[in-house]
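Novice: Below is one structure. I have some questions about it.
Where a number appears in this text, it was derived from the coordinates with a stated rule and is not lab data. Please read all numbers here as calculations on a predicted model, not as lab measurements. Don't worry about glycine lacking a Cβ; one is built from the backbone with ideal geometry, like all the others, and counts go over all protein chains shown.
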Amino acid sequence: RKLGILISGRGSNMAALVEAARAPDCPFEVALVASDKPEAAGLAWAAEQGVATFAQSPKGMPKAEYEARIDAALRNAGVELIALAGYMRLLSPAFVERWAGRILNIHPSLLPKYKGLDTHARAIEARDAVAGCSVHLVTEELDAGTVLGQAEVPVHLGDTAEALAARVLVEEHRLYPRILAEFVRSMADTPLARVRSVALAL
Ligand code: GRF
């Protein structure tokens, strides 16, 4: 299955997916890495690795046009499902609808706790004993789609948000490729794939 990855910055989760895709038994290949920030460090890394990249700043254009360009780039690359990896923009309901059930995201908290930003500081503030990350399906509502998998880490006494973030990130890099591979393997059985293969057979 061809995967498109959307990033906005560092791209360490994207890199984990690109590296996982090199395993011979991996059921996904990375067809495109796209960013809303042309200067994103992850974009340069992906290009160095020989992965196709696409940059489109949303500046100075309506959101619908920006998303139409991203959508066209993904489709031109043959992308069948999308992984958000540190993509810092909320996708419109229209975009989510067009890719319904085929967009995943990784979020650095144990959802449904701490949707949105500053997850680690909030976990520390709440004196949580465990923190972690979640891979979930993307719906219109921020960080609210079905959770597909989670990994936990302990919160240590005196943890800073940075220290906790680093501990969680190690788990993110393990969790995302694993859950994505599971998801892709299960996609073959989804009604959506069945409908599409019937349509193609006609
Ligand atoms: C990660 O913590 C991810 O969970 C969150 O944004 C961060 C992105 O980091 N959505 P990176 O760009 O993958 O290094």
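Novice: Could you line up Ser134, Ser12, Ser57, Ser109 from fewest to most neighbouring Cβ atoms inside 10 Å? Don't jump to the answer; show the numbers that get you there.
Specialist: Values: Ser134 25, Ser12 16, Ser57 13, Ser109 22.
Least to most surrounded, the residues fall as Ser57, Ser12, Ser109, Ser134.
Novice: Let me ask something else about it. Provide, for the chain, the number of lysine pairs with alpha carbons under 24 Å apart, each pair being eight or more places apart or on different chains.
Specialist: Going through the chain pair by pair, I get 5.
Novice: Name the residues whose placed amide hydrogens come within less than 5 Å of the amide hydrogen of Gly132, ignoring near sequence neighbours (fewer than 5 apart) on the same chain.
Specialist: Long-range HN contacts for Gly132: Leu110, Val153.
Novice: Got the relative contact order for the chain handy, in percent, Cα pairs under 8 Å and 6 or more residues apart? Could you put the intermediate results ahead of the total?
Specialist: Numbers: 347 pairs, mean separation 39.2, N = 202.
It rounds to 19 percent for the chain.
Novice: Relative to the compact-globule scaling 2.2 N^0.38 Å, provide the ratio for the alpha-carbon radius of gyration of the chain. Walk me through the numbers before you get to the answer.
Specialist: Working: Rg = 17.0 Å, N = 202, 2.2 N^0.38 = 16.5 Å.
Against the compact-globule rule of thumb, the ratio is 1.03.
Novice: Please give the net charge around Ser35, taking every other residue with its beta carbon less than 15 angstrom from that of Ser35, where Lys and Arg add +1 and Asp and Glu add -1. Present the calculation step by step, with values, prior to reporting the outcome.
Specialist: Details: positive: Arg10, Lys37, Lys59, Arg69, Arg89; negative: Asp36, Glu39, Glu48, Glu67, Asp71.
Once all neighbours under 15 Å are counted, the net charge is 0.
Novice: Still on this structure, please answer the following. Rounded to the nearest 0.05, what FRET efficiency do Glu140 and Glu39 have when you use their Cβ-Cβ distance and R0 = 45 Å? Could you put the intermediate results ahead of the total?
Specialist: Numbers: r = 29 Å, r/R0 = 0.64.
Once the sixth-power term is evaluated, E becomes 0.95.
Novice: For Glu152 and Ser57, what does the FRET efficiency come to when R0 = 41 Å and r is the distance between their Cβ atoms, rounded to the nearest 0.05?
Specialist: Working: r = 37 Å, r/R0 = 0.89.
The value I calculate is 0.65.
Novice: Which value at 222 nm does the chain reach when only helices count, each DSSP H run of 4 or more adding -39,500 (n - 2.57), with the total divided by all residues and rounded to the nearest 500 deg cm²/dmol? If you can, show how the numbers build up before the last one.
Specialist: Values: 7 runs with 82 residues, N = 202.
It comes out at -12500 deg cm²/dmol, rounded to the nearest 500.
Novice: As a test, work out the antiparallel percent of DSSP beta bridges whose residues both lie in the chain, rounded to the nearest 5.
Specialist: So the antiparallel bridges amount to about 40 percent of the total.
Novice: Angle, helix 161-187 long axis vs. longest principal axis of the chain, Cα atoms, 0 to 90°, nearest 10?
Specialist: Around 30 degrees separate the two axes.
Novice: A further question on this structure: For Gly145, enumerate residues with amide H under 5 Å from its amide H, sequence gap 5+ or separate chain, H modeled in the peptide plane.
Specialist: Counting only residues 5 or more places away or on other chains, the set is Thr139.
Novice: Would you mind ranking Asp25, Asp143 by Cβ crowding within 10 Å, fewest neighbours first? If you can, show how the numbers build up before the last one.
Specialist: On the way: Asp25 5, Asp143 18.
Starting with the residue having the fewest Cβ neighbours, the order is Asp25, Asp143.
Novice: Right, next: Take Arg185 and Ala129, extend 7 Å from each Cα along the Cα→Cβ direction, and tell me the distance between the two endpoints in nm.
Specialist: 3.3 nm
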